[in-house]
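This report concerns only the one structure given below.
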Amino acid sequence: MVPNLLRSSRISRAFLAFLLVVAEPAGLALVASGLVTTIGDRGALAVTWLVVRLLITGFGVGVGIALWHERPGAALLTRWAVGLAFAATTITTLTPIWPHPLPPGLRGPATALLLAWYGALFVWTVRTTSSERRATSSERRATHDEL
């Protein structure tokens, strides 16, 4: 049972690391590229929000690298990174700070899909890190019982 849990745990860590290191920065770059040309017209709030999004994405990249290398505490930081990305996406899609590149007919379903994706990803990180914590505590108990 433990080898299957470890294998699925490694796969989930690799998937989360990929999302944080590759997918999040690529998504931000794709969306922000439309904003960069009109940044002067949008004002200080858009510039501030772009900097905040870059900081959140940079934090996520650092957490993804730590998760890939199985650093202590990386699982908890993964929750924070996904939660911050979820909050940033919510603010971005529901406020007029950021330009909306999609036509009005697609904007609503795309927003719902994004919020569902990040919500599900956040719930998954909570469940994954909780199951890893339970496995680690049961391994400690088994090791302690052997002594």
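Going by the conditions given, is ALA112 over 16 Å from the mean Cα position of the chain (by Cα), open to solvent by less than 70 Å² (accessible area, probe 1.4 Å) and at pLDDT 90 or above? Please lay out each step first, then the result.
Details: over 16 Å from the mean Cα position of the chain (by Cα): yes; open to solvent by less than 70 Å² (accessible area, probe 1.4 Å): yes; at pLDDT 90 or above: yes.
So ALA112 fits the description; yes.
Tell me which of these ALA26 doesn't satisfy, since it passes every other one: (1) hydrophobic (A, V, I, L, M, F, W, C); (2) open to solvent by less than 50 Å² (accessible area, probe 1.4 Å); (3) under 15 Å from the mean Cα position of the chain (by Cα).
(2)
Can you give me the ranges of the helices (runs of 4 or more DSSP H) entirely in segment 1-100 with at least 2 residues that are modelled with pLDDT under 90 and closer than 21 Å to ALA112 by Cβ? It would help to see each step written out before you state the result.
Values: elements: 2-18, 24-36, 39-42, 44-68, 74-94.
So the answer is 24-36, 74-94.
The values are calculated or read from the model by the stated rules, or taken from the named source; none is laboratory data. Bear in mind that the values here come from a model prediction, so they are computed numbers and not experimental data. When we count neighbours, we look across all protein chains shown, and the Cβ atoms used for this are built from the backbone with ideal geometry, even at glycine. Note: areas computed on protein heavy atoms with side chains; ligands, DNA, RNA excluded. Shrake-Rupley method; radii C 1.70, N 1.55, O 1.52, S 1.80 Å.
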